[in-house]
Amino acid sequence: MNEQLNTFIQVAESGGFSKAAEKLFVSPTAVMKQMNLLEKHVGVPLFVRTNHGVGLTEAGKSFSKDAAFMLQYFQEALLRMRATSQASQIVIRVGTSMLNPCKVLLDMWNEISDRYPQFKINIVHFEDDAYTLPTTYRTIGQHFDFIVGPILTENWKEHFRVLELGSYRFCFAVSRNHPLSSKKILSVQDLYGEKLAVVNGGKSAVIEGIRDFLKRNHPKIRIKDVPRLYDIDVFNRCEETNTVMLTLEAWADVHPSLVTIPSDLDFTIPFGLLYPLHPSEDVNRFLQIIKEMQSKHS
């Protein structure tokens, strides 16, 4: 109706379909179709069509006095409706990075998002840098409401809460030029004589357990302790030095020059939603929806 009113006003002011079409940047045929639909809708003729142009019937003259007001009111009503919709919309900010991608959460949400139109997801990028990540973890809630990732630090209870969604298995990553890169699975014995980078800047009890297990039972592996958090620089250094790296299945595509190969290590680490210690009411509502969805799938 909005388009028909606008077209009617242009025809009434210009006195012809062709002239109105020029102003509207459409074809005269399109204008005529719109006016035929308008006349059918209102139920009375609005135009007098002659060889010299188009005039308004008495009904058309009456209608033209109100058409501009109706169009303006309609447009103002749309603005008010959109403003009301935006005011009632809840924006959930989800952090994402190369090592903490938010795809798991988005895949879950996309299954049910049509049932909760009041929620809108905003993706906020952050860097995987071992020197800034501690601050990122401590300030969850300031720049984003959630991070999705593995729980690689033991002191997380001081800075954020976690809703576990599942677990990741540990793998080994090697350079594509490494002799072991063609294997479908790497056993611990395959690493005898190799240097293995074990990253544990987060003081993870699981990673400490893997390190102790390997040192105690497989001393032929040369453990290289890396006392920092996982970041892209660790992946780069392992590739450059041809060092095997203890990694996670979720990071298989992080570095194009590294091959991530499943291991026979019987260790897993949980992953889930990291969220503020004191979440807002909106974040709690979103979290409750995810919990309910999780319980139905379990």
Practice task
Once you have a ≥ b ≥ c as the square roots of the Cα gyration tensor eigenvalues for region 176-273, tell me rounded if a/c is under 1.5, and otherwise prolate or oblate according to whether a/b is larger than b/c.
Solution key: rounded
Handout entry: Burial ranking of peptide ranges 70-78, 140-148 (average Cβ count within 10 Å, highest at the top)
Key = 140-148, 70-78
Exercise for the section: Evaluate the distance, in nm, between pseudo-label points positioned 7 Å from the Cα of R222 and of M81 along their respective Cα→Cβ axes. Expected result: 7.1
Exercise for the section: Quick one: which residues, 5+ away or cross-chain, put their amide H under 5 Å from the amide H of G201? H built at 1.01 Å from N. Expected result: R228, L229, Y230
Problem - region 185-248 and region 106-132: distance between their alpha carbon centers, rounded to Å - result: 31
Handout entry: For the chain: accessible area per residue (Å², 1.4 Å)
Key = 56
Handout entry: Under 13 Å, Cβ to Cβ, from L196 - net charge with Lys/Arg +1 and Asp/Glu -1
Key = +3
Exercise for the section: Any chance you could give the angle, 0 to 90 degrees and rounded to 10, that helix 2-14 forms with the longest Cα principal axis of the chain? Expected result: 40
Problem - Over the chain: helical MRE at 222 nm, DSSP H runs n ≥ 4 each giving -39500 (n - 2.57), nearest 500 - result: -13000 deg cm²/dmol
Practice task
Round to the nearest 10 and give me the degree value, 0 to 90, for the angle of helix 281-297's Cα axis relative to the longest principal axis of the chain.
Solution key: 70
Handout entry: Cα-based helix-to-principal-axis angle, 205-217 vs the chain, degrees rounded to 10
Key = 30
Exercise for the section: Return the single residue from V26, V188, V259 with maximal mean-square fluctuation; model: Gaussian network over the chain, springs between Cα atoms under 10 Å. Expected result: V26
Practice task
Please identify, among L37, L248, L163, the residue showing maximal mean-square fluctuation in a Gaussian network model of the chain using a 10 angstrom Cα cutoff.
Solution key: L37
Completion exercise
Karplus ³J(HN,Hα) for region 168-178 (6.51 cos²θ - 1.76 cosθ + 1.60, θ = phi - 60°; Hz, whole; x = Gly/Pro) runs 10, 8, 7, 10, 10, 10, 9, 4, 5, 8, 6
Exercise for the section: Show the residues, 5+ positions off or on another chain, whose built amide H is closer than 5 Å to the amide H of R161. Expected result: Y275, L277
Fill in the blank from the handout: Simple SL model, points at 7 angstrom along Cα→Cβ for Q118 and S257; separation in nm is 5.1
Handout entry: Cα Rg, Dmax, the chain, angstrom units
Key = 31.7, 101
Practice task
Would you mind telling me the share, in percent, of accessible area of region 170-258 contributed by carbon and sulfur at probe 1.4 angstrom?
Solution key: 48
Fill in the blank from the handout: Computed over the Cα atoms of region 47-139, the Rg and Dmax in Å are 26.3, 79
Fill in the blank from the handout: Under 5 Å from the placed amide H of S167, counting only residues 5+ away or on other chains, we find F271
Fill in the blank from the handout: For region 246-256, Karplus-derived ³J(HN,Hα) couplings (6.51, -1.76, 1.60; θ = phi - 60°; whole Hz; x for glycine and proline) come out as 6, 9, 10, 4, 5, 9, 4, 10, 5, 10, x
Completion exercise
Once phi for every residue in region 179-188 is put through the Karplus expression 6.51 cos²θ - 1.76 cosθ + 1.60 (θ = phi - 60°), the whole-Hz ³J(HN,Hα) values, with Gly and Pro written as x, are x, 8, 5, 8, 6, 7, 8, 10, 7, 4
Fill in the blank from the handout: A correct Stokes-Einstein calculation for region 126-200, using the alpha-carbon Kirkwood radius, 10 °C and 1.306 mPa s, returns a whole-number D in µm² s⁻¹ of 102
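The values are calculated or read from the model by the stated rules, or taken from the named source; none is laboratory data. Since the model is a prediction, treat every value here as computed from it, not as a measurement. Because the Cβ atoms are built from the backbone with ideal geometry, glycine has one as well, and the counts that use them run over all protein chains shown. Note: accessible area is taken over every heavy atom of the protein model, side chains too, but ligands, DNA and RNA are not part of it. Shrake-Rupley method; radii C 1.70, N 1.55, O 1.52, S 1.80 Å.
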